[in-house]
Structures are given as C-alpha cells and as structure tokens.
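Peer 1: Got a structure here, written out as structure tokens. Questions coming.
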Amino acid sequence: MEGIVDTVVLVAIAVVGAALARRLGFVAPLVLLVAGLGLSYLPGFPEAHLEPELVLIGILPPLLYVAALQTSVPAFRGALRPILLLAVGLVLLTAFVIGFAVHWLLPEVPLAACVALGAIVAPPDAVSATAIARRVGLPRRVVTILEGESLLNDATALVMVRVSVGALAGLAVGFWEIAGEVALKAGGGVLLGMIAAVSAAKLHKWIEDPLLDDAVSLLTPFVVVIVAEELGASSVVAVVIAGLYLGHRIPYLLSATSRLQMDAVWRLTTFLLEGVVFLLVGLQLRTVVEHIETDMVTTVQVTTLVFGLLVLIRFLWMYPATYLARLIPRIRNRESRPPFSVPTVIAWAGMRGVVTLAAAQTLPEPNRNGVPDYPRDLFIFIAFAVIVLTLLVQGTTLPTLARRLGVREDNSAQDALAEAGVQHAAGRAALEALEEHADGAPESVVDRLRGLVESRSNNAWERLGSQRQETPSAAYGRLRREMISAERHVFKIARNEGRIPEEVLVRAQRELDLEESQLRRSEE
C-alpha cells in the first residue's frame, strides 16, 4: 500500500510541476528536476531509487515507440545522413574522447571504465530539445534531425556501454568482436522490428474495437523489447523500426475513432512517464551525492571536464559534418547549404536524459565478478550532473540562442497553401463519391453534404487570408461553441430534474463533445 501511495504522490507532483512549467513558459523536465531536488531535502520525504531495468524495459520503450509513431518517415529518410552522423559517429567519438580524457585525469581507473562513462553521457535526449524546438519554431528539418538522433543514438550508446563493461570484466574485446556485435544487434533489431510491425499491423487491420486497438498499441513496444532482449537483438532499434513502420501505416490500419482515442492514450502515457522520470532524477540526486567517496576537488574536476568536452565535441563535430559533406556534388545538388546558425543551434541542443540515467545505473559493482576497482559512485554522480547541467545551461538558453541567431521558420502560410490545394482535390473526390452513391437519397441530404464539402474547402482557403479580421469559418466556430454550451446546459438540467436518464445525457454529451473538438481542431 505504501508503494501505491508513493506512486500516486509522485504522479501528482509531476502533473502539478508540468502545469506550473507551462504557466511559467519553462521546459517541464527542467522544472520537475529542480522540484525533485528540492523535495529530496524535505525531512521525511521518501527516498527514490529508479531501477535501470525499469527504465530500459518499462519507460524507454514506450517513449521511443510513440516518438517513432509521430515521426514523418519521408522526412526521416530525407535527413538520414545527418541523423546517422550524430546518432552513430558523434556518439562513438564522444565515448572515446571522454574515455581517454578521464583516464588521463584518473590514470588509476581502467580505460574500459572511462570509455563506458563516455558512452553513458554521449546520447542526447530529445524530449526537452524537441519540445523547445517546436515551441520556438525551429525549421522542420532541424526538428527532424533532433528527433531522429534521439531515436537511434540510444542503441549506439547502450552497445558501447555493454562492450566497455565486458572489457572491464576482462573479456577479450577486439575491433572485429565489437563490429560483429554491433552488426548482429542492429541487424537483429531491424529484422525483429519489421516482424513485430507487420504482425501488429495485421492485428490492427483485423481488430474493429478501438479499445482493443489501444491495448495492442500499448503492448507492442513492451513485447518487442522483451523479445529483443531474450534474442540478444537491439531492443531500441527494434522498437524504433516498429514505431516508424506503424506510424507511417496508421492512416490505412485504424478507424477514425481508434486514431483519435489512441492519440489521447499515448499523449497521456508519455506525459506521465516523462514527468515522473525527470522528477525521480531530481529526487535521486541527493542520494547520489551522499554516496560519493571521491574527494570534492577530483569530483569537480572530472565533472567539469566531462561537461565541457560534451559541449565542445558536439560543436567541433557539427560544422565539418554539415559543410564538408556538401563538397560532394551529389549531396550539394540535393541539399542547400544551411547558414552557420543552424548547426550552432543543433550543437547547443544536446540535453541528456532518460538513457544516461538508466545506463549509469547498469555499471557493475567494483571488485565483483572479475571487475576491478573503479569509482562507480563518482561515475553515477557525473551522469546525473550531466543531466542537470545540460538541462539548466543548455535547456534554459536554447530558445534565446535560436531567437538571437534567427533560426526560426514560419510554415503557416506554406502549410495553409498546401492544405488548401489538397483540400480542393479532396473536395472534388468527395463530390464525385457523393454523386456516385446519391441515388435514392433525399435531395435535402445531398445538398447538405455538398454544403459541408464547400465549407471545408472555404475554411482551408480562408487560412491564407489576413489574420486581423474574423473569417466566416472562425465566426461560425465561435458562435457554434456558444450554441453547444447552451445545449449542454439544457441536457444537464433535464438529467438533474429526472426527465432523462444518465445514458441519454452521456450519449448527447459525447456527440456535442466530438463536434466541439472538431471545431477546435479546425482552428489550430
């Protein structure tokens, strides 16, 4: 019972913290992390400990899966080169540079342990970065690169951590062994992800109940990661591949009701998971600090070195990766040369998060099972410190940097024009379908449907006009919402007076809610 109460308290705090962050205009992970750190010093507040298995199997898979579901496959494919350069090349470079640097500063610590630390802190977490990117209005390609990097860099980092830990335990690890393990895990992840995606797609196609669709969707990432771990494949790659495939196929697999319901379910799930994780990071920080046995001077030196190198390496990588590739004619002809400010913003968007947290706690205990002595508590503290510092330093300044450098993109007019053109074509197709199937239908019904098509088309074209005066569609939405509010009031009074049963109110309220939801979506 105590565990249930603690969980409810954590979720409630996460919800309040996220609401406060939105009200103040801050990034939610940053607010929750600071809140957790403050609460950890309250007398009597329960200590928090997040097991790495829970993060790697219970929290990370659904977060990666829903991010992949929402990622545009064409955009992801178009940005695959910079995504792989960041998710694979930069992670490996960061792991080795930080590993050698820490080993230079602490020569008594085995190099394998230092490289493991480098791999732990190497992968950025794009939960907060992409949230800021969308709020500030960064170009879509920048957002796609940040999202794609976060989807794939976890696999690279986790494989490097496992290889380094194996070397630390005395296992012979050569280049070909590493290359073979990476190829086996990545290839197995791709294959397993495709099999899982096709199987889930068949289930979704067969299922007609939206609740069952939601259940299958929620179970998919957990089933994929459990099977991948059992088979020795990369669970991260498998989950991402399954999410990308299913996200691209969702318009063909699910009914309208299932899509709307599933979107709401996943939005709530990710909101709660992200909030609780960053709150727990803050709550654990005090305990991590208290367990450090390394002296304060060395702790500060190593932490400063690691954080400084993380920022520096990412900057040094971004500019050559961005501009040297465009010396190749084929790439130069396909991709325009971005201004200097774009790689600068991407380089600064390197906040760490969930994977760094989980990977740090998988470090083996020293002097057990052949593992030599090394400062495990110091390394875990550094991982936590990196999460805090990147969120505090980079997370708070990224919006200002993007605005100062002018890395913003307003796609509203372009999107409205594209939508209007496609809506016009869709309207023609709808009218053709109406004429084909209208035999025997009342003329009043046919006229009403024709008017609906015309209204939707006009609404799309109106978005291209001036925003200073109210458009007919906006006026319609405003007035219709007032009418819906009045209708709801009458139904509630009738229920309260016993003139209609509860079931009638629920049915009428659902229809009114759906209509109001549609009105609000059309105005976004």
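The values are calculated or read from the model by the stated rules, or taken from the named source; none is laboratory data. Being a predicted model, the structure only gives us computed values, none of them experimental. Cβ atoms come from the backbone with ideal geometry, glycine included; neighbour counts cover every protein chain shown. Quick note on the areas: whole protein, heavy atoms, side chains included, nothing else; ligands and nucleic acids left out. Shrake-Rupley method; radii C 1.70, N 1.55, O 1.52, S 1.80 Å.
Peer 1: From the list Gly166, Gly170, which residue is at pLDDT below 90 and in a helix (DSSP H, G or I)?
Peer 2: Gly166
Peer 1: Evaluate the following for Gly451: is it part of a helix (DSSP H, G or I), exposed (fewer than 12 other Cβ atoms within 10 Å of the Cβ) and at pLDDT below 75?
Peer 2: yes
Peer 1: Could you count how many residues in the range 202-254 are of a type in the set (Ser, Thr, Tyr), modelled with pLDDT under 90 and part of a helix (DSSP H, G or I)?
Peer 2: Total meeting the criteria: 2.
Peer 1: Can you tell me which residue among Ala68, Ala79, Ala48 is more than 21 Å from Ile346 (Cβ to Cβ) and in contact (Cβ under 8 Å) with a residue 60 or more places away in the chain?
Peer 2: Ala48
Peer 1: Filter the helices (runs of 4 or more DSSP H) completely within the range 306-401 down to those with at least 1 residues that are in contact (Cβ under 8 Å) with a residue 12 or more places away in the chain and surrounded by fewer than 22 Cβ atoms within 10 Å (Cβ to Cβ).
Peer 2: Where helices (runs of 4 or more DSSP H) fall fully within the range 306-401 and carry at least 1 residues being in contact (Cβ under 8 Å) with a residue 12 or more places away in the chain and surrounded by fewer than 22 Cβ atoms within 10 Å (Cβ to Cβ), they are 329-334, 341-348, 376-389.
Peer 1: Within the group Val31, Val16, which residue is open to solvent by 20 Å² or more (accessible area, probe 1.4 Å) and over 21 Å from Leu357 (Cα atoms)?
Peer 2: Details: Val31 fails: over 21 Å from Leu357 (Cα atoms).
The match here is Val16.
Peer 1: Another question, then. Got a sec? Which helices (runs of 4 or more DSSP H) wholly within the range 1-118 have at least 1 residues that are aromatic (Phe, Trp, Tyr) and closer than 30 Å to Gly166 by Cβ? Can you show your working first?
Peer 2: Values: elements: 2-24, 28-39, 60-69, 73-78, 80-84, 91-105.
Passing ranges, in order: 60-69, 91-105.
Peer 1: Of all residues in the range 332-379, count the ones that are more than 21 Å from Val236 (Cβ to Cβ) and of a type in the set (Val, Ile, Thr).
Peer 2: Here the count works out to 5.
Peer 1: Check the range 203-223 and report whether any residue there is crowded, with 20+ Cβ neighbours inside 10 Å and either among the aromatic types (Phe, Trp, Tyr) or within 25 Å of Ala157 (Cα to Cα) (or both).
Peer 2: Within the range 203-223, one or more residues are crowded, with 20+ Cβ neighbours inside 10 Å and either among the aromatic types (Phe, Trp, Tyr) or within 25 Å of Ala157 (Cα to Cα) (or both).
Peer 1: While we're here: For Leu105, state whether it is modelled with pLDDT of 90 or more, touching a helix residue (DSSP H, G or I) at 6+ places or on another chain (Cβ under 9 Å) and open to solvent by 10 Å² or more (accessible area, probe 1.4 Å).
Peer 2: Values: modelled with pLDDT of 90 or more: yes; touching a helix residue (DSSP H, G or I) at 6+ places or on another chain (Cβ under 9 Å): yes; open to solvent by 10 Å² or more (accessible area, probe 1.4 Å): yes.
Criteria met by Leu105.
Peer 1: Applying the selection to the range 182-196, what residues are out of contact with any Gly (no Cβ under 8 Å at 6 or more places or on another chain), modelled with pLDDT under 85 and open to solvent by less than 60 Å² (accessible area, probe 1.4 Å)?
Peer 2: Ala186
Peer 1: What's the total number of residues in the range 454-478 that are open to solvent by less than 90 Å² (accessible area, probe 1.4 Å) and either at pLDDT 75 or above or not in a helix (DSSP H, G or I) (or both)? If you could, list the steps in order and put the result at the bottom.
Peer 2: Taking the range 454-478 as the starting set, the residues that turn out to be open to solvent by less than 90 Å² (accessible area, probe 1.4 Å) are 455, 457-460, 462-466, 471, 473-475, 477.
Retained after the next criterion (residues that are either at pLDDT 75 or above or not in a helix (DSSP H, G or I) (or both)): 463-466, 471, 475, 477.
Matching residues across the range 454-478 total 7.
Peer 1: Moving to a separate point now. So Leu138 passes all but one of these: (1) at pLDDT 90 or above; (2) crowded, with 24+ Cβ neighbours inside 10 Å; (3) in a loop (DSSP other than H, G, I, E, B). Which condition number does it fail?
Peer 2: For Leu138, the exception is condition (1).
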